[in-house]
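Everything below concerns the one structure shown next.
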Amino acid sequence: MSRILTTGSPWRVILAFSVPLLIGNVVQQLYQFVDAIVVGRELGVDALAAVGATGSMLFLLIGFAWGLTTGFAIPTAQAFGAGDHAAVRRSVATGTVLTGVTSILLTLVAPLIAGRILELLQTPAALLPQATTFAQVSFLGAGATMFFNYLSAIIRAIGDSRTPLVYLTLACVLNAGLVVLFVGPLGLGVAGAALATVVSQAVSVALCLAHVRRRIPVLHLRRSDWRIGRNDLALHLRLGLPMGFQASIIAIGALAVQVRLNALGADAVAAYTAASRVDGLAVALLQSLGLAVSMFVAQNHGGGRPDRIRRGVAQASVMALIGSVALGIVLVVFGASIVRLFVGDASGDVVDLAHVMLVINGATYALLGVLFVTRGALQGLGHAMIPTVTGLIELGMRLGAAVILGAALGFVGVAWSNPLAWLGAVAVLVPAYLHAHRALARQPLGPTDAVTAETTPIPVIGPVDGSMTVDAVVTRPVPIQPQRARRRTRMTRR
């Protein structure tokens with residue numbers, strides 16, 4: 001369903017919007033769990049380490065593309081919050097063209113340079129053949145990954161976080177079955193694990209497109225919408241490029257960490273890979289909250305509701321801190337047991353190293369919670385520079401941890417790279433958001449600061465709450481006179 005995020009209790013709206021995102025992130029992490037478990041148990045620890053050795057490189061290129069498409073959806077959310085459907089369609093068309101161009105470049109170039117990049121990263125020789133194969137197959141399917149991320153982003157931008165969850169879940173179930181089939185009976189090795197992900201995401205793209213065509217008329221593009229102007233391109237690139245570069249900058253720091261891990265040996269790479277899988281599942285909650293805040297802020301910014309933005313971000317910060325503490329306790333207590341799912345009981349050194357990393361991360365999740373909420377708020381407001389600067393800071397902190405602490409403390413020093421990067425980013429994000437918070441307090445409320453029964457329908461075909469089976473509509477408020485203004489009018493008449 002399309003949901004207007006400019007009405008209702010802010011924390012309830014953010015929480016309701018973030019729950020499907022959380023479930024989707026958890027489902028996505030679970031199918032990565034399946035990949036890691038199948039690869040680790042069927043092909044061995046070296047194969048698991050080979051897949052893990054590609055993680056930073058994949059994030060460098062595909063992470064850039066993901067950040068790019070997420071940024072393209074910000075103008076869509078702002079236009080939807082303002083009730084400007086023509087601008088929504090124009091934004092979607094612009095993002096589609098830019099996503100397509102980026103997909104073509106990734107598919108053509110990245111597979112050719114994957115092996116050379118892995119060599120430059122000093123990937124252990126024993127891992128290099130399988131790592132190269134996994135990376136090449138993954139890059140060949142980059143278009144499917146990009147367009148699924150983009151379609152999910154624009155559907156979320158109009159307030160619907162449930163539909164992407166449905167199709168992501170279907171894709172994950174399909175991926176789980178395919179990875180077992182491709183790696184096991186068909187014997188395709190690590191290439192089969194990558195191919196399973198590509199095929200499942202391609203199916204997700206087809207399902208999302210079919211859903212948009214059937215049930216979301218506001219996203220139906222017309223011929224005139226494809227007449228994209230220079231201003232449209234500039235706006236989307238102004239938001240998309242910094243978010244893409246931010247992801248790439250973070251990935252460069254992760255590459256430095258990967259180089260240090262490669263020097264520490266296969267056990268260190270396998271431990272970091274397994275711990276990252278567990279960590280990713282835990283962080284899914286905080287990531288979901290940050291994305292929900294971004295869409296909430298974008299719609300309310302477009303709708304002229306600075307008061308809701310201020311309340312919503314403050315309430316989301318409290319939720320993030322509560323969730324951070326709970327997640328940290330789970331990782332500290334149960335982290336080792338979860339890691340054994342990947343490598344079994346025979347690899348005791350890998351389990352011990354992975355648990356050390358999980359304890360360090362779990363104890364500092366509060367930093368990450370604040371980071372996601374404040375960064376999401378600034379991105380929703382259209383601020384591009386500060387998130388990019390924080391990416392540079394994270395790069396510096398990760399490089400320092402990898403080079404200095406990694407040399408002095410080994411795996412433990414490398415494990416501190418994430419918390420130090422979070423700390424550096426928060427030190428900039430919090431003051432930047434507080435400045436924006438004070439600026440929002442000085443802004444007048446827009447024309448939608450009150451809502452009555454007078455509404456204009458926005459058609460969305462199909463159920464809107466999971467229980468209806470008839471066509472339904474979602475409404476947006478019509479600008480009306482603020483309550484205080486009406487009271488002053490009555491006093492003047494007296």
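The values are calculated or read from the model by the stated rules, or taken from the named source; none is laboratory data. This is a predicted model, so every value here is computed, not measured. Note that each Cβ is placed from the backbone with ideal geometry, even for glycine, and that neighbours are counted across all protein chains shown. We work out accessible area using only protein heavy atoms, side chains counted, and drop any ligands, DNA or RNA first. Shrake-Rupley method; radii C 1.70, N 1.55, O 1.52, S 1.80 Å.
Here's the yes/no breakdown for (1) touching a Pro at 6+ places or on another chain (Cβ under 7 Å); (2) at pLDDT below 85; (3) outside any helix (DSSP H, G or I); (4) among the hydrophobic types (A, V, I, L, M, F, W, C):
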{"site": "Phe17", "(1), (2), (3), (4)": "no, yes, no, yes"}
{"site": "Gln29", "(1), (2), (3), (4)": "no, yes, no, no"}
{"site": "Asp35", "(1), (2), (3), (4)": "no, yes, no, no"}
{"site": "Leu58", "(1), (2), (3), (4)": "no, yes, no, yes"}
{"site": "Phe72", "(1), (2), (3), (4)": "no, no, no, yes"}
{"site": "Arg90", "(1), (2), (3), (4)": "no, no, no, no"}
{"site": "Thr94", "(1), (2), (3), (4)": "no, no, no, no"}
{"site": "Leu112", "(1), (2), (3), (4)": "no, no, no, yes"}
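In this structure, Arg238 does satisfy being surrounded by fewer than 22 Cβ atoms within 10 Å (Cβ to Cβ) and either of a type in the set (Phe, Trp, Tyr) or part of a helix (DSSP H, G or I) (or both).
Among the residues making up region 114-127, those that are touching a residue at least 60 places away in the same chain (Cβ under 8 Å) and either outside any helix (DSSP H, G or I) or open to solvent by 30 Å² or more (accessible area, probe 1.4 Å) (or both) are Ile117, Leu121, Gln122, Thr123, Pro124, Ala126, Leu127.
The residue that is surrounded by the fewest Cβ atoms within 10 Å (Cβ to Cβ), counting only those in region 171-212 that are among the β-branched types (Val, Ile, Thr) and closer than 13 Å to Val38 by Cα, is Val180.
The lone criterion from (1) open to solvent by less than 30 Å² (accessible area, probe 1.4 Å); (2) at pLDDT 85 or above left unmet by Ser161 is number (2). Has region 131-152 got any residue that is open to solvent by 30 Å² or more (accessible area, probe 1.4 Å), under 21 Å from the mean Cα position of the chain (by Cα), farther than 17 Å from Gly67 by Cβ and not hydrophobic (A, V, I, L, M, F, W, C)? Scanning region 131-152 turns up no residue that is open to solvent by 30 Å² or more (accessible area, probe 1.4 Å), under 21 Å from the mean Cα position of the chain (by Cα), farther than 17 Å from Gly67 by Cβ and not hydrophobic (A, V, I, L, M, F, W, C). Test Ala93 against the stated conditions and say whether it is open to solvent by less than 10 Å² (accessible area, probe 1.4 Å) and either without any contact (Cβ under 8 Å) to a residue 12 or more places away in the chain or closer than 18 Å to Ala191 by Cβ (or both). Spelling it out, it is not the case that Ala93 is open to solvent by less than 10 Å² (accessible area, probe 1.4 Å) and either without any contact (Cβ under 8 Å) to a residue 12 or more places away in the chain or closer than 18 Å to Ala191 by Cβ (or both). Taking the listed residues Leu291, Leu321, the one that is without any contact (Cβ under 8 Å) to a residue 60 or more places away in the chain, open to solvent by 20 Å² or more (accessible area, probe 1.4 Å), over 30 Å from Pro124 (Cβ atoms) and part of a helix (DSSP H, G or I) is Leu321, with no other qualifying. Suppose the filter is in a helix (DSSP H, G or I), open to solvent by 10 Å² or more (accessible area, probe 1.4 Å) and either within 22 Å of Gly71 (Cα to Cα) or touching a residue at least 12 places away in the same chain (Cβ under 8 Å) (or both); does Ile329 pass it? Spelling it out, Ile329 is indeed in a helix (DSSP H, G or I), open to solvent by 10 Å² or more (accessible area, probe 1.4 Å) and either within 22 Å of Gly71 (Cα to Cα) or touching a residue at least 12 places away in the same chain (Cβ under 8 Å) (or both).
Taking the criterion of being assigned to a helix (DSSP H, G or I) and more than 22 Å from the chain's Cα centre (by Cα), the residues of region 220-235 that qualify are Arg223, Ser224, Asp225, Trp226, Arg230, Asn231, Asp232, Leu233, Ala234. Somewhere in region 284-296, is a residue closer than 15 Å to Val51 by Cβ and touching a helix residue (DSSP H, G or I) at 6+ places or on another chain (Cβ under 6 Å)? No, there is no match, as no residue in region 284-296 is closer than 15 Å to Val51 by Cβ and touching a helix residue (DSSP H, G or I) at 6+ places or on another chain (Cβ under 6 Å). Criterion first (closer than 17 Å to Pro387 by Cβ and either modelled with pLDDT under 85 or among the hydrophobic types (A, V, I, L, M, F, W, C) (or both)) does Ile309 satisfy it? The answer is yes for Ile309.
When restricted to residues that are part of a helix (DSSP H, G or I) and open to solvent by less than 20 Å² (accessible area, probe 1.4 Å), region 294-318 contains 13.
Quick one: would you say Ile329 is of a type in the set (A, V, I, L, M, F, W, C) and under 13 Å from Val373 (Cα atoms)? So Ile329 does not fit the description; no. Across region 377-385, a minimum of one residue is classified as touching a Lys or Arg at 6+ places or on another chain (Cβ under 8 Å), closer than 25 Å to Leu420 by Cα and not charged (D, E, K, R). Taking the criterion of being open to solvent by 10 Å² or more (accessible area, probe 1.4 Å), assigned to a helix (DSSP H, G or I) and among the small types (Gly, Ala, Ser), the residues of region 363-397 that qualify are Ala366, Gly396. Here is a check on your reading of the model: is Val269 buried (at least 24 other Cβ atoms within 10 Å of the Cβ) and part of a helix (DSSP H, G or I)? In short, yes. Evaluation of Thr6 against the conditions (1) closer than 22 Å to His383 by Cβ; (2) open to solvent by 40 Å² or more (accessible area, probe 1.4 Å); (3) outside any helix (DSSP H, G or I); (4) not small (Gly, Ala, Ser) shows that the sole unmet condition is (2).
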